[in-house]
Amino acid sequence: MKRALVVLVGLLWLTPAAGLLVSSLRPARAVNSSGWWTFGELTFDGYAKLLSDDRMLGALWNTVLITVPSTVLVVVLGAMAAYAFAWGRFPGRDWLFLVVVALIVVPVQVALIPDAELLGNLGLFGSIPGVVLFHVAFGLPFAIFLLRNFFVAIPRELLEAARIDGGSDGTIFRKVILPLGWPAIASLAIFQFLWVWNDLLVALVFASPDSAPITYAIREQTRSFSSNIDVIAPGAFLSMLVPLAVFFAFQRYFVQGLMAGSVK
Amino acid sequence: MKRAAVFCGPALVLLAALVVYPIGYTIVRSLFGGDGESFVGLANYQEIFTSPETLTALRNNAVWVVLAPSLVTIAGLFFAVLTDRIRWASAVKVVIFLPMAISFLAAGVTWRMVYEADPDRGIANAAIVTVHDAFADRPPYPGARLRSTEDTAGRFAVVGVPAPADGVQATEGGSGVVWLDFAPGGGGRPGVIDPGEKGLPGVRVEAVRDGKVVAETTTGPDGRYTLPAGDHTIRLPDSNFAQPFNGVDWLGPSVVTPAIIGAYVWIWAGFAMVLISAGLAGIPRETLEAARIDGASEWQVLRRVTIPQLRPVLVVVWVTMVINVLKVFDLVLVLAPEAVQADANVVALQMWRVSFGGARDLGLGSALGVLLFLLVLPAMLFNLRRLRREG
């Protein structure tokens, strides 16, 4: 009885996504006249149409161009700062760390207007670097928090030994901290990657049609939902593939990251 | 380490410039008008609490905060307890967790299709209508009406429906007949069974005496029915012609917010489940066993033993969800059709709409941003206190 319920819940949870997948393989006129569970004719036409659309392809590429640098920068800058917060000694360190932790939950809405002006003054508004900068800034608090807690647990002797061997801060960071901190760094990278890949709000505010990611492009189509369904359903499904692949490949790190506590 | 400033410098500069300074700027900006020239004091805040648009958003946010975090936590607890100690259940856990990885946009598109109002296309209504019709007969001829309410010798002339696809010629006989009084191609006479006029099968017919139904039957393929003779009147109950139950208008103005919350629970239940499962693994099994040996039912074990011990993790999940729910934006934007977006509005969405969606009232937008910031402040303090305690 309990087991049957488990299976039932699993099926129930799978149904909406299965509906999207099947719908993305049905011709628009079928989607608009009958339910996906009737199947009928299946075709890759929607995907073909999507992949021959330069705007959609460009948007997909923009998503990559935004997500990869945002992730790399957050990991690198976050790890460096976390190292300083974990093992550095400077006035106000603990107090500054509290501020960083406080910033984790700050809603982006409170910064959208001034940052739009700021990036505008730098000539970055509407460009990919502008979108990246915003993502990096709002990704850093969680990154520093997560990594600092992990780095602090690295045994002191390991760092001392490296220092006695004549290692500079940079060497210790590269040779000791990064290799030992790998699990936390992997969790962080996955989270950051998914947040940025899946983002819509930041893109709507800071991107222009030329620098727009796939979420932005699909959202434009959803404004007339039924008539564009032949592009929306395959587009939404395609945009899910990369996050799902990342999730399945790195499931362990994903769950570890969640466990590490506070999430934005 | 010697050069701490070099290591944390870049991150702190970015945080100062793009997060901390903007908070101050937005607070000041919220005291100015849309153009940014005139100081208006608290007028923007006053507008938030008086204009119907933002009041709807505030009310919806309240509904979100009351419903969503609790539902997510309850769903997560349910799944965690349900899958606990079943080894193969980890596959199901992955399925429940999967929506966490996809964007609100993709989830929004997915659920827009789930909530499609037409029960032939949206699976939510298809399911509800199927269950409903299993208990109540579906009206055979919705929207049809009788040509005349007067029953002439058990003959009922019906109009206003398309002819049954495999209909047969109506014939007189039995106790009476129900037929579609419409001759294809024209030339039919009202109230007379002309050649080509079809019988209506499956119509319920009742014999009534003193307000009580004494006999009932349904019509055959040619529209004929037979009822025992007697001192009664014959009628066709209204249920024959009633509109069928077509489910719920999920994305209509009245239930759109709860409907979107349903999609939200689908996304986040996996998150709660994973955290609560981990908490569950940390509970000493002896406490549960002891309660069972003392004769407690599973429900009592859950309520009196498991939940109290899970309390810390349940609180963390709930607080995290409150923070998330306050910021909900994309899901509402994508899932609510344009026409009901005003009814589904939330503060984060309204902030974007007034600041970047045409009106460009940056004063009001800033005030809404500050409001969101103030709303997450208690959660921020909760996080800081937790950090202090742990460390």
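Where a number appears in this text, it was derived from the coordinates with a stated rule and is not lab data. This structure is a prediction, so every number in the text was calculated from the model and none was measured. Heads up, the Cβs are rebuilt from the backbone with ideal geometry, glycines too, and the neighbour counts pull from every protein chain shown.
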| Relative contact order for the range B:250-350, counting Cα pairs under 8 Å that sit 6 or more residues apart, in percent | 38
| remark: To the nearest 0.05, the calculated FRET efficiency linking B:Thr287 and A:Leu11 through their beta-carbon distance, R0 being 25 Å, is 0.15
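How many partner chain Cβ atoms sit within 10 Å of a residue's Cβ in peptide B:86-96, on average, as a whole number? Display every interim value, and only then the final one.
On the way: counts 3, 0, 3, 6, 0, 3, 8, 4, 4, 7, 6.
Mean shielding by partner chains, rounded to a whole number: 4.
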| Tell me, what HN-Hα J-couplings in whole Hz come from the Karplus equation 6.51 cos²θ - 1.76 cosθ + 1.60 at θ = phi - 60° for each residue of the range A:93-104, using x for Gly and Pro? | 4, 5, 5, 4, 5, 4, 4, 4, 5, 4, 6, 3
| query | If the cut-off is a Cα-Cα distance under 12 Å, which aspartates and glutamates reach A:Lys49, setting aside same-chain residues fewer than 8 apart in sequence? | reply | A:Asp230
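Specify the longest stretch of chain B that does not include any exposed loop site, a site being one of the trypsin sites (Lys or Arg not before Pro) with a non-H, G, I, E, B DSSP assignment and at most 15 other Cβ atoms within 10 Å.
Within chain B, the longest run free of exposed trypsin sites (Lys or Arg not before Pro) spans B:148-359.
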| query | What is the set of long-range amide H partners of B:Ala215 at a cut-off below 5 Å, with H atoms built 1.01 Å from backbone N? | reply | B:Ala207
| B:Arg138 label point, 7 Å along Cα→Cβ, cut-off 15 Å on backbone N: hits in the range B:203-225? | B:203
| Rel. contact order, % - alpha carbon contacts under 8 angstrom, at least six apart, chain A | 29
| task | In whole Hz, with x marking every Gly and Pro, tabulate ³J(HN,Hα) for the range B:344-359 from phi via Karplus 6.51 cos²θ - 1.76 cosθ + 1.60, θ = phi - 60°. | result | 9, 3, 10, 4, 4, 5, 5, 4, 5, 4, 6, 8, 10, x, x, 5
| note | Within the set B:Ile234, B:Ile293, B:Ile102, GNM on chain B using Cα springs under 10 Å gives the largest fluctuation to B:Ile293
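Using a Förster distance of 22 Å, how high is the FRET efficiency between B:Arg189 and B:Arg145, based on the Cβ-Cβ distance and rounded to 0.05?
Details: r = 18 Å, r/R0 = 0.83.
Once rounded, the FRET efficiency stands at 0.75.
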| field | Helix-only [θ]222 nm of chain B, DSSP H runs n ≥ 4, -39500 (n - 2.57) each, per residue, nearest 500 | value | -16000 deg cm²/dmol
| message | Bin width 10 Å, origin at 0, all Cα-Cα pairs of the protein assembly as shown: what percent of pairs per bin? | response | 3, 13, 20, 21, 16, 11, 7, 5, 2, 1, 0, 0
| remark: Note on the protein assembly as shown, DSSP bridge orientation, antiparallel percent to nearest 5 equals 75
| request: Report, in debye and to the nearest 20, how large the dipole of chain A comes out about its Cα centre when Lys and Arg carry +1 and Asp and Glu carry -1 on their Cβ. | output: 700
| remark: Computed from the beta carbon distance with a Förster radius of 56 Å, FRET efficiency for A:Leu178 and B:Arg360 to the nearest 0.05 stands at 0.80
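For chain B, calculate the relative contact order in percent as a whole number, restricting contacts to Cα pairs under 8 Å that are 6 or more residues apart.
So the answer I get is 25 percent.
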| field | Sorted by Cβ neighbour density within 10 Å, fewest at the top, the residues B:Glu206, B:Glu37, B:Glu197 | value | B:Glu37, B:Glu206, B:Glu197
| Pick from A:Arg55, A:Arg26, A:Arg223: which residue has the top mean-square fluctuation in a GNM of chain A where Cα pairs under 10 Å get a spring? | A:Arg223
| said: Under the rule of at least 5 residues apart or a separate chain, name every residue whose amide H is placed under 5 Å from the amide H of B:Phe32. | reply: B:Val40
| task | Quick one: pull the percentage of alpha-carbon pairs in the range B:137-244 with a separation above 18 Å. | result | 44
| said: Sort B:Thr50, B:Thr110 by Cβ crowding within 10 Å, fewest neighbours at the top. | reply: B:Thr50, B:Thr110
| B:Asp120-B:Val161 pseudo-label distance in nm [points 7 Å out on the Cα-to-Cβ vector] | 1.7
| request: Report the net charge of residues surrounding B:Gly188, where surrounding means a beta-carbon distance below 9 angstrom and charges are Lys +1, Arg +1, Asp -1, Glu -1. | output: -2
| request: Quick one: divide the alpha-carbon radius of gyration of chain B by 2.2 N^0.38 Å and tell me what you get. | output: 1.50
| note | In whole Hz, the Karplus estimates of ³J(HN,Hα) for the range B:224-238 (6.51, -1.76, 1.60; θ = phi - 60°; x where Gly or Pro) are 7, 9, 10, 10, x, 5, x, 8, 8, 9, 10, 9, 9, x, 4
| Given H placed on each backbone N at 1.01 Å, which residues far from B:Arg224 in sequence or on other chains put an amide H within less than 5 Å of it? | B:Thr171, B:Val178
